[in-house]
Amino acid sequence: MSGFTKVILWTFGVVAVLGVVGAAVIAMNFSEVKHGVQNALGQSDEEESDVPEEDPELAALADSDSDEGFKVSDDESDDGLPSERQFADDLHHMTHQKVTASQKWGHLEITDERIEEMYETAEASDYTYRDFYMRALEAWMEGDFSNAVQVHNTIWNEQNGNVGKARGLMTEEEEREYKERHFE
């Protein structure tokens, strides 16, 4: 076999291997992309029963009198409390421990101490959505995280999210794996 033929065969072999690897990467990521596109289009292939029923009172507390809906302020507080934006971001990051979503950015472990601290901060604040935060956290203090999808998606929508909408609550096993991956 001539040297030129060997180079051609070697080149085709490398291209074939790269093609197979590329196809595998695309196939592995396809479900994430599919969910992202479906979320952007407001579609879902998940069973609706996987998503806990929304709390109408919590939803009402997230509505504002403005036409813009749920919008938080970036303004710094004069009383030493975090801005409402920072508070909402922290709460959003906490929900990641409880919800399934195609992508999640930011992680804060849910602990009894953190829930209580967040509740006390909300209670002492003049945040626009103070009552929304307090109601959500009151349930969490009782060990009820069934509102985590609603809390996540309310804040996620405010951030103009298009990938990473919560689709349901994690199983205990999924949460255990999430905690091992992010907090241990």
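The values are calculated or read from the model by the stated rules, or taken from the named source; none is laboratory data. Computed from a predicted model, the values in this text were never measured in an experiment. Neighbour counts run over all protein chains shown; Cβ positions are idealised from the backbone, glycine included.
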Among the residues of region 117-128, how many are within 21 Å of the chain's Cα centre (by Cα) and assigned to a loop (DSSP other than H, G, I, E, B)? 0
Conditions (1) surrounded by 14 or more Cβ atoms within 10 Å (Cβ to Cβ); (2) β-branched (Val, Ile, Thr); (3) at pLDDT 95 or above: number failed by THR111: (1)
Answer with yes or no whether THR100 is farther than 21 Å from ALA60 by Cα and in contact with a strand residue (DSSP E or B) (Cβ under 6 Å, 6 or more places away or on another chain). yes
The residue from LEU81, LEU9 that alone is assigned by TED's automatic domain parsing to the domain that holds TYR127, of a type in the set (A, V, I, L, M, F, W, C) and either modelled with pLDDT of 80 or more or in contact with a Lys or Arg (Cβ under 8 Å, 6 or more places away or on another chain) (or both) is LEU81
Of the numbered conditions (1) part of a loop (DSSP other than H, G, I, E, B); (2) at pLDDT 95 or above; (3) more than 22 Å from ALA60 (Cα to Cα), ASN162 satisfies every one except a single condition; which is it? (2)
Those residues of region 90-116 which are in contact with a helix residue (DSSP H, G or I) (Cβ under 6 Å, 6 or more places away or on another chain), in a loop (DSSP other than H, G, I, E, B) and within 24 Å of ASP74 (Cβ to Cβ) amount to GLY106, HIS107, LEU108
Answer yes or no as to whether ASP131 is part of a helix (DSSP H, G or I), out of contact with any strand residue (DSSP E or B) (no Cβ under 6 Å at 6 or more places or on another chain) and of a type in the set (Asp, Glu). yes
